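Enquirer: What follows is a structure written as C-alpha cells; I'll ask about it next.
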Amino acid sequence: NESNACAHSLRSELDQWIISKLNSLVLTVEESMEDYDPTRAGRAIMGFVTDQLSNWYVRLSRRRFWKSQASEDKKAAYDTLFECLERISVLMASISPFYSEWLYQALHGSEERSVHLTEFPKVNHELINHELEESMSIAQQTCSLLLSLRKKENIRVRQPLQKAMIPVLDETFERRIKHIEPLIKAEVNIKE
C-alpha cells in the first residue's frame, strides 16, 4: 500500500483524477450489487469506460502514450490505464463473464488465473478526490458546450479563438474553473 501511495504521488493530476473516478466507480458498483441492481452497476461501468476513461483520459493522454522516449510520465500513464482496465475487468466479471475474462487474460497473459477467481476490488477512500472530480466535471461540461458552439457556428477547432466568457456562479466555481483553465483552453483552442 505504501508503494501505491508513492506511485500515486508521482502521477499527474489527470492520472490522479481517473484513479479517483475509478475508486468512486468501485464504490458505486459495490453498492449496486449489494442492492441486487446489476443494471445500475453495468451502466456505471459503461459510463466510466466511455465518458471518463476513453473519451477524456485516453484522449487527453495521447501525447503521453506516444512519446518516443521512455519517461516516468509515460510509464505513469500506462500504469494508470492498466490499473483502470484491470479493475474494470474484475468489476464487470459477474455482468459480462466472457468479455471480462478475455480482457483480464489479455492484460495478464493466458498463464494468469481467471478473473473469476480474483477478489472484488476494495475502495481506497484516500484516493478519492471529490474536489478534483468536480473540477474535471466542469472542464468536461465546459469543453462540450464550447465545442457545440463551435460546431453550431461552423468554426473548426483548428481555428483558434481569442476568448471565451464563462459566467462565474460563486467563489468555489471560480476556483475550480481557474484550476482547469489551461485544460479548457488547450482542448477547445481558445487563447483566454
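Enquirer: Before we move on, is Ala76 in contact with an Asp or Glu (Cβ under 6 Å, 6 or more places away or on another chain) and among the aliphatic types (A, V, I, L, M)? Even if it seems obvious, please write down each step before you answer.
Expert: Values: in contact with an Asp or Glu (Cβ under 6 Å, 6 or more places away or on another chain): yes; among the aliphatic types (A, V, I, L, M): yes.
The answer is yes for Ala76.
Enquirer: When the residues of segment 49-87 are filtered to those that are in contact with a helix residue (DSSP H, G or I) (Cβ under 6 Å, 6 or more places away or on another chain) and outside any helix (DSSP H, G or I), which remaining residue is surrounded by the most Cβ atoms within 10 Å (Cβ to Cβ)?
Expert: Filtering first and then ranking leaves Ser61.
Enquirer: Going through segment 95-153 one residue at a time, which ones are open to solvent by 100 Å² or more (accessible area, probe 1.4 Å) and of a type in the set (D, E, K, R)?
Expert: Glu111, Arg113, Glu119, Lys122, Glu126, Lys151, Lys152, Glu153
Enquirer: Which condition number in (1) over 24 Å from Ala41 (Cα atoms); (2) at pLDDT 95 or above; (3) not charged (D, E, K, R) is the one that Ser110 fails?
Expert: Among (1) over 24 Å from Ala41 (Cα atoms); (2) at pLDDT 95 or above; (3) not charged (D, E, K, R), Ser110 violates only (2).
Enquirer: Among Arg150, Arg156, which is closer than 21 Å to Arg62 by Cβ and assigned to a loop (DSSP other than H, G, I, E, B)?
Expert: Arg156
Enquirer: Could I ask something else about it? When segment 46-91 is examined, which residues are found to be touching a Ser or Thr at 6+ places or on another chain (Cβ under 9 Å) and of a type in the set (A, V, I, L, M)?
Expert: Correct list: Ala76, Ala77, Leu81, Ile88, Val90, Leu91.
Enquirer: Tell me which residues, restricted to segment 168-190, are open to solvent by 90 Å² or more (accessible area, probe 1.4 Å) and out of contact with any helix residue (DSSP H, G or I) (no Cβ under 9 Å at 6 or more places or on another chain).
Expert: Leu169, Glu171, Lys178, listed by residue number.
Enquirer: Kindly provide the set of residues from segment 159-192 that are among the polar types (S, T, N, Q), farther than 19 Å from Ser61 by Cα and in a loop (DSSP other than H, G, I, E, B), ordered by number. Walk me through how you get there before you give the answer.
Expert: Kept after step one, since they are among the polar types (S, T, N, Q), are these residues of segment 159-192: 159, 162, 172, 189.
Of the ones still in play, those that are also farther than 19 Å from Ser61 by Cα are 159, 162, 172.
Gln159, Gln162, listed by residue number.
The values are calculated or read from the model by the stated rules, or taken from the named source; none is laboratory data. Since we're looking at a predicted model, the values are computed, not measured. Positions of Cβ are generated from backbone atoms using ideal geometry, with glycine treated the same way; all protein chains shown enter the neighbour counts. Note: areas computed on protein heavy atoms with side chains; ligands, DNA, RNA excluded. Shrake-Rupley method; radii C 1.70, N 1.55, O 1.52, S 1.80 Å.
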